[in-house]
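The values are calculated or read from the model by the stated rules, or taken from the named source; none is laboratory data. None of the values given here were measured: they were computed from a predicted structure. Methodologically, a virtual Cβ is constructed for each residue, glycine included, from the backbone with ideal geometry; neighbour enumeration extends over all protein chains shown. For the accessible areas, the whole protein counts, side chains as well, though only heavy atoms, and no ligand, DNA or RNA atoms are used. Shrake-Rupley method; radii C 1.70, N 1.55, O 1.52, S 1.80 Å.
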Amino acid sequence: MKKCLVVFVALLSILFISACSEDSNNLSGRTFKIANTPVLQEDMDNPDKYPGVVTLEFLDDNVVTMIDTEGTYELNGEELVLHFENENENLEITFSDFKESEKDFSTYSTLISNRELKMEDYSELSHLEVLANKLSEDMPIEFIVKHES
């Protein structure tokens, strides 16, 4: 009886670990236009009315890139956290309620629940501050698949 319980717990653990690892990598290999949701109700179903903030490319090993900056990402259930860092800046963006979008043209819908920018020297040129200023907490965001042309 104890052997069966040990085997059951071991199998359950393996299933749990594999489920978690799949969750953290389902963005890998995908590129998204991160877009603000339009203000006007009549624009909600028009993909051309979703202004793009930045393009993110998700790579293996939980790496994410934007423009010429590389960072990391962590996807845990319905929370996605992006972390970008350079010599002078540290930007962390937390998306909550990260789920499949109800829009035909979008893959994921989410809200920015936290955006935190730290700078060492404010007199130096800022690369991440521009992005941070385009994002505000409680802002609804759509992750729209970016097709290569």
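In region 29-147, if every C-alpha pair distance is counted and binned at 10 Å from zero, what percent goes to each bin?
The distribution over region 29-147 is 13, 47, 31, 8, 1, given as percents.
Hey, what's region 25-117 come to in accessible area per residue, 1.4 Å probe, Å²?
54
Can you compute the charge dipole magnitude of region 21-149 about its Cα centre, using +1 on each Lys and Arg Cβ and -1 on each Asp and Glu Cβ, nothing else charged? Give it in debye, rounded to the nearest 20. Please list the in-between numbers first.
Working: 9 positive and 31 negative charges, 81 e Å.
Once rounded to the nearest 20, the dipole reads 400 debye.
Restricting things to alpha carbons, tell me how big region 30-100 is in terms of Rg and Dmax, in Å.
Over region 30-100's Cα set, Rg and Dmax evaluate to 13.8, 43 Å.
From the phi angles alone, apply the Karplus equation (6.51, -1.76, 1.60; θ = phi - 60°) to region 130-146 and give each ³J(HN,Hα) in whole Hz, x where the residue is Gly or Pro.
4, 5, 4, 6, 7, 10, 9, 4, 6, 7, x, 10, 10, 9, 9, 4, 9
Please list, ordered by chain and number, the residues whose modelled amide H lies under 5 Å from the amide H of VAL54; skip anything fewer than 5 residues away on the same chain.
ILE34
Please report the net charge: other residues with Cβ closer than 13 Å to the Cβ of GLU116, K and R +1, D and E -1.
Values: positive: ARG115, LYS118; negative: GLU85, GLU89, GLU92, GLU129, GLU137.
Charge balance in the 13 Å sphere: -3.
Work out from phi, with θ = phi - 60° and the Karplus expression 6.51 cos²θ - 1.76 cosθ + 1.60, the ³J(HN,Hα) of each residue of region 46-61, listed in order in whole Hz, and give x for Gly and Pro.
10, x, 6, 8, 9, x, x, 9, 6, 9, 10, 10, 9, 10, 5, 6
May I ask you to derive the FRET efficiency for LEU125 and LYS146 from their Cβ-Cβ distance with R0 = 35 Å, giving the value to the nearest 0.05? Intermediate results must be reported in sequence, preceding the final value.
Values: r = 27 Å, r/R0 = 0.77.
Computed FRET efficiency for LEU125 and LYS146 comes out at 0.85.
Would you pull out the residues with amide H under 5 Å of MET139's amide H, same chain only if 5 or more places away, H placed 1.01 Å from N?
Under 5 Å from the amide H of MET139 lie the amide H atoms of ILE112, each far enough along the sequence or on another chain.
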